Amino acid sequence: MSTATHCPYCALQCAMHVEAGPDGQPAVRPADFPTNRGGLCRKGWSAAQLLHSPQRLVRPLVRTGGTGEFAETGWDEALDFVAGRMAGVREQHGPDAVAVFGSGGLTNEKSYLLGKFARLALGTSRIDYNGRFCMSSAAAAGIRAFGLDRGLGFPLPDVASAEVVLLAGANPAETMPPMMGHLSGPRLIVVDPRRSATAEFARERGGLHLAPRPGTDLALALGLLHSARAQDLLDGDYIGARTSGFDEAWKYAAAFWPERTEQVTGVPAHLVRAAARALGTARGAYVLTGRGAEQHATGTDTVSAWINLALALGLCGRAGSGYGCITGQGNGQGGREHGQKADQLPGYRRIDDPAARAHVAGVWGVDAGELPGPGPSAFELLDSLGTAAGPKALLLMGSNPAVSAPEAGRVRDRLSALDLLVTCDFVMSETAAMADVVLPVAQWAEETGTMTNLEGRLLRRRAVLDPPPGVRTDLEVISGLARRLGQPDQRFPAGADAVLAELGRASAGGGADYAGVSPQRLEAGEELFWPVPGPGAGTPRMFLEGFAHADGRARFAAVGHRGAAEEADAQFPLIATTGRLMGHYQSGAQTRRIGELAEAEPEACVEVHPDTGARAGLDDGGWARVVSRRGATLARVRYRAGARTDTVFLPFHYGGEQAANNLTNPVLDPVSRMPEFKVSAVRLERSDPP
Ligand code: SF4
């Protein structure tokens with residue numbers, strides 16, 4: 001047995017072979033592929049261990065009325081129970097009383113069928129997904145600038161031949177280590193309040209680390225644009241021929257000369273000038289943004305400011321240079337294209353667009369008037385659960401919001417207030433442990449489907465082995481529930497290839513057009529980057545001929561600096577920012593159950609400058625209680641000499657009393673509805689170990 005497939009975790013989607021290991025259990029061996037070039041990170045290497053973990057869920061669980069404990073049951077009983085309760089809630093309170101929450105980890109087929117299930121089988125507008133917490137600001141800014149959002153918009157290996165790469169709020173040395181193979185040649189400019197592994201990598205190789213005060217990234221981008229113009233580095237011909245709106249955007253950058261930028265951001269003026277000069281004089285340069293730029297109440301504008309810089313330097317829509325968003329979740333790209341977003345129909349269509357509604361309704365065989373309209377975004381949806389006007393029932397697939405949502409304690413209260421919480425999971429995550437029904441579903445190597453990686457490249461995930469007895473796929477769950485809710489069998493097929501074929505028809509003519517994607521083409525090894533409208537080769541590099549706006553021009557956004565929603569003060573004198581560690585993935589529900597990963601990073605930590613720690617009475621290696629206006633969390637203290645003295649860092653992979661999201665601020669970006677995960681005012685207190 002040796003089957004070629006892709007990693008279950010992040011958007012790099014490293015290629016691997018899964019085969020029998022020395023103990024007879026499935027094991028992973030890396031495969032050569034453009035994104036990982038034969039490399040894997042430790043998460044990828046250990047990914048097969050969860051397939052045979054004793055912590056796997058293998059029977060449907062329903063909480064009994066008598067004891068409140070979970071009891072095992074059969075699939076028919078579980079699905080009958082869920083469908084019956086959903087129908088009852090709908091009957092009593094209307095269709096919006098049943099909600100659905102999806103994930104950027106789901107395959108394209110699952111994302112598509114889940115959106116269709118919500119709109120047709122439930123008739124609800126209450127559907128959104130955890131990608132709203134990850135990539136929504138870059139998606140909104142990309143659409144604003146280019147008319148269309150596709151992660152990198154070029155193959156990742158292109159980046160390796162650039163002279164300079166600016167990474168704003170991304171830490172691939174820890175989160176996507178094989179990506180560093182593409183970043184070892186270019187000179188790096190790393191923008192991150194934290195002295196991250198990527199910042200260290202840049203410094204060791206003669207690059208720059210710009211460490212702005214959290215919440216001032218937008219001002220820093222304006223400062224770089226100002227400095228680039230002052231040094232006569234802008235591409236006037238490109239701005240005139242391929243863009244619009246520069247003059248309005250410049251009005252905001254005009255006020256950010258380097259010394260003013262230093263005042264606002266804390267980044268020395270000479271570094272602002274040096275970064276602008278390096279980027280503006282490079283033969284081939286890329287600006288890449290990650291969650292650090294996005295997870296703010298100003299996230300969309302912040303990403304727009306970085307895109308403005310790239311446009312002013314003439315980088316976008318040209319071979320050998322560009323702007324891109326480093327998507328995080330495994331199917332963060334495909335997951336945001338096919339209809340599990342509150343405002344979206346398949347093919348990256350808007351749900352409030354009459355032509356889009358007519359097209360998709362035609363494919364689904366219904367009248368467009370039957371489709372609900374847009375619903376609330378992820379946090380707004382979660383925050384309304386169990387309220388008088390909010391949903392009473394929730395179906396959750398591939399997500400763990402009890403850990404990953406902002407102000408997680410408040411979200412846990414809302415989940416507890418539901419009449420019916422149903423989760424589809426393969427382990428007992430923190431959210432599953434709160435559920436009324438837990439449906440045990442297959443893992444990545446036990447089912448077939450397609451993913452779209454951070455480059456917009458279509459990938460085939462292959463079934464390597466059968467799921468354990470008693471486990472079903474997510475598609476089978478959706479199909480089984482839809483049938484019980486009165487939908488015709490053929491409308492909700494459970495086979496991935498049949499769903500992909502329908503997804504192709506539904507997406508045809510949309511921005512993310514998959515009409516020409518087929519399992520046969522992917523099995524034959526064709527490189528397909530969307531849009532793939534037909535049998536042709538797809539589109540590895542976007543916007544070479546023109547941007548997706550009607551006039552073919554990219555648009556500068558007129559965006560100004562606004563501070564974070566919350567500032568440090570006497571009561572909460574420090575800023576907490578959150579992110580990821582090498583050994584864990586997202587809420588940690590999977591990786592905390594893998595022995596070697598759990599041993600390497602067994603508990604939450606808080607990185608502090610030694611002076612800051614000493615002032616708070618903390619010992620390196622001791623424990624701290626970190627407190628914000630919304631809650632508290634416990635973390636092991638790690639002194640970091642390179643840290644900012646006004647900022648602490650916490651990973652968000654842990655649950656319960658070690659959840660970093662107990663602290664975070666759910667104030668939302670007005671465009672993307674992204675919460676401000678990256679800036680929370682906190683104080684540190686010495687604590688006993690948990
Ligand atoms: Fe998996 Fe991402 Fe690690 Fe690659 S970098 S092995 S895709 S987690």
Would you check if there is a residue in segment 250-262 being surrounded by fewer than 24 Cβ atoms within 10 Å (Cβ to Cβ) and at positive phi?
-> no
Restricting attention to segment 344-381, which residues are of a type in the set (A, V, I, L, M), more than 21 Å from the chain's Cα centre (by Cα), under 22 Å from ASN108 (Cα atoms) and not in a loop (DSSP other than H, G, I, E, B)?
-> ALA356, ALA358, VAL360, ALA361, VAL363
Picking from THR612, THR633, which residue would you name as being among the hydroxyl-bearing types (Ser, Thr, Tyr), at pLDDT 95 or above and under 25 Å from the mean Cα position of the chain (by Cα)?
-> THR633
Under the condition of being within 16 Å of the ligand (Cβ to nearest atom) and in a helix (DSSP H, G or I), which residue from segment 555-595 is surrounded by the fewest Cβ atoms within 10 Å (Cβ to Cβ)?
-> ARG593
Some residue of segment 69-90 being under 22 Å from GLU596 (Cα atoms) and at pLDDT 95 or above | no
Of all residues in segment 648-685, how many are in contact with a Ser or Thr (Cβ under 6 Å, 6 or more places away or on another chain) and of a type in the set (Val, Ile, Thr)?
-> 3
Residue pairs within 7 Å by beta carbon, gap of at least six or interchain, first lying in segment 284-308 and closer than 17 Å to GLU248 by Cβ, second of a type in the set (Asp, Glu) and part of a loop (DSSP other than H, G, I, E, B), listed first then second, are THR300/ASP669
Check on ASP619, more than 30 Å from VAL559 (Cα to Cα), in a loop (DSSP other than H, G, I, E, B), acidic (Asp, Glu) and not assigned by TED's automatic domain parsing to the domain that holds GLY292 | yes
Looking at segment 1-32, which of its residues are farther than 17 Å from THR450 by Cβ and more than 16 Å from the ligand (Cβ to nearest atom)?
-> MET1, SER2, GLU19, ALA20, GLY21, PRO22, ASP23, GLY24, GLN25
Considering every residue within segment 204-219, establish whether at least one is within 22 Å of the chain's Cα centre (by Cα) and within 16 Å of the ligand (Cβ to nearest atom).
-> no
Since ILE143 meets every condition but one in (1) among the β-branched types (Val, Ile, Thr); (2) within 17 Å of ALA378 (Cβ to Cβ); (3) not in a strand (DSSP E or B), which condition does it not meet?
-> (2)
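Take ALA310 and tell me if it is at pLDDT 95 or above and surrounded by fewer than 21 Cβ atoms within 10 Å (Cβ to Cβ).
No; evaluated as a whole, the condition is false for this residue.
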Tally, over segment 1-17, of residues that are out of contact with any Phe, Trp or Tyr (no Cβ under 7 Å at 6 or more places or on another chain), under 12 Å from GLY44 (Cβ atoms) and either surrounded by fewer than 24 Cβ atoms within 10 Å (Cβ to Cβ) or in the same structural domain as PRO178 (by TED's automatic domain parsing) (or both) = 2
Since ARG194 meets every condition but one in (1) assigned to a loop (DSSP other than H, G, I, E, B); (2) within 16 Å of the ligand (Cβ to nearest atom), which condition does it not meet?
-> (2)
In this structure, does ALA310 turn out to be among the small types (Gly, Ala, Ser) and not in a helix (DSSP H, G or I)?
-> no
When you look at VAL499, is it closer than 25 Å to LEU395 by Cα, out of contact with any Asp or Glu (no Cβ under 7 Å at 6 or more places or on another chain) and buried (at least 20 other Cβ atoms within 10 Å of the Cβ), yes or no?
-> no
Counting only residues in segment 530-578 that are aliphatic (A, V, I, L, M) and touching a His at 6+ places or on another chain (Cβ under 9 Å), the one nearest to LEU222 (Cα to Cα) is identified as ALA564
With ALA71, ALA48, ALA83 as the choices, which residue is more than 30 Å from GLY583 (Cα to Cα), surrounded by 16 or more Cβ atoms within 10 Å (Cβ to Cβ) and among the hydrophobic types (A, V, I, L, M, F, W, C)?
-> ALA83
Take segment 40-69 and flag every residue that is free of Cβ contacts under 8 Å to residues at least 40 places away in the same chain and more than 16 Å from the ligand (Cβ to nearest atom).
-> HIS52, PRO54, THR64, GLY65, GLY66, THR67, GLY68, GLU69
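Residue-wise test of (1) closer than 24 Å to ALA632 by Cβ; (2) crowded, with 20+ Cβ neighbours inside 10 Å.
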{"residue": "PRO374", "(1), (2)": "no, no"}
{"residue": "GLU380", "(1), (2)": "no, no"}
{"residue": "PRO391", "(1), (2)": "no, yes"}
{"residue": "LEU394", "(1), (2)": "no, yes"}
{"residue": "ALA405", "(1), (2)": "yes, yes"}
{"residue": "LEU415", "(1), (2)": "yes, yes"}
{"residue": "VAL422", "(1), (2)": "no, yes"}
{"residue": "SER429", "(1), (2)": "yes, yes"}
{"residue": "GLU455", "(1), (2)": "no, yes"}
Count - residues of segment 647-685 that are among the charged types (D, E, K, R) and either assigned to a loop (DSSP other than H, G, I, E, B) or touching a Leu at 6+ places or on another chain (Cβ under 6 Å) (or both) = 4
How about segment 281-298: which of its residues are in a helix (DSSP H, G or I), among the small types (Gly, Ala, Ser) and more than 14 Å from LEU222 (Cα to Cα)?
-> GLY292
Looking for whichever is within 22 Å of VAL100 (Cα to Cα) and touching a Leu at 6+ places or on another chain (Cβ under 6 Å) here; the options are ALA506, ALA496, ALA442, ALA435. Which one fits?
-> ALA435
Here are some residues: GLY510, GLY536. Which one is part of a loop (DSSP other than H, G, I, E, B) and surrounded by fewer than 20 Cβ atoms within 10 Å (Cβ to Cβ)?
-> GLY536
State all residues of segment 197-225 that are basic (Lys, Arg) and assigned to a helix (DSSP H, G or I); if no residue qualifies, say none.
-> ARG203
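The values are calculated or read from the model by the stated rules, or taken from the named source; none is laboratory data. Because the structure is a prediction, the values reported are computed rather than measured. Ideal geometry is used to build each Cβ from the backbone, glycine not excepted, and the neighbour counts take in all protein chains shown.
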